[in-house]
Amino acid sequence: MELRDVRRLTGVEITPYDISGGSPGQHLGLPSATATLIVDLADGLVLGTEGRSETDTFRCCLAGMHLRPVTIHHDGSQVGVQVSLSPAAVRALFGLPVGELANGTSELAQIDTDIARRLHDQLAQAHPDDRAAVCAGALVDIASDAAPFDDAHAAWEYLARRRGDVTVAELVEQSGWSARYLTRLFTAEFGIGPKQAARLMRFDAARAGLEAGRAAVDVAADCGYADQSHMSREFTDLTGLSPRSLLRRRAEEFG
């Protein structure tokens, strides 16, 4: 389910999941140009990050944009709701810039105890078939009408409309700001610079194209990569896997 232009909740995508009977394992939480809210309805969401042997367990977590994958550990069963959030939606729901969440994951209760409790309680009580609608209703009730910081979000929206196929020089020209001002403003709001944001947007678009079955060479050209090899290098750097290996792994994880 996707919410668009509902009390500033532009670009909110809600995905309930209820997986059981599988083998214990891990799956990848991929880098993306969105923040992620996950409400776990089982025994807690167990997350690990690159370079750390320790894991953290969350009941209701909010993660900012990141340039490396996270690992989600499970015992073969996973129940909950995942919500992809645009930067404007993070502002509307939680009253903070997504940049405050950059490269990290927080227990939502540490940000807003009431919102965390309301979301978890309403989703736990909902029938599995109704969880997307219940989540959507809860988010609409929570959302503020406060407008995001216009200059930074205007730059973000320009990048998003082009799916990241924009150079920093072009963004500077379009904005009318200096490169220094643009980068400072952008990074303060989103936690990453314009070049990194464009990189994540291109990756999102390329992954969607490949998962839809399009030829890699066509996807690379359409998403602004120099060539297919360039796209492959970007996938490997962002995920640790080539495009083909990533698609195969995700097919195994999600059937």
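The values are calculated or read from the model by the stated rules, or taken from the named source; none is laboratory data. Not measured: the values here are computed from a predicted model. Cβ placement follows ideal geometry from the backbone for every residue including glycine, while neighbour counts extend to all protein chains displayed.
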If you go through region 33-45, how many residues are assigned to a loop (DSSP other than H, G, I, E, B) and modelled with pLDDT under 95?
-> 3
Looking at (1) over 22 Å from G164 (Cα atoms); (2) at pLDDT 90 or above, find the lone condition where A63 falls short.
-> (1)
Take region 89-124 and flag every residue that is in contact with a Cys (Cβ under 8 Å, 6 or more places away or on another chain) and of a type in the set (V, I, T).
-> T105
Under 7 Å between Cβ atoms, at least 6 apart or on separate chains: pull out the pairs that start in region 67-84 with a residue that is loosely packed, with under 14 Cβ neighbours inside 10 Å and end on any residue that is not small (G, A, S).
-> D75/P24; G76/P24; S77/I19
Could you tell me whether region 222-229 includes any residue that is small (G, A, S) and more than 21 Å from the chain's Cα centre (by Cα)?
-> yes
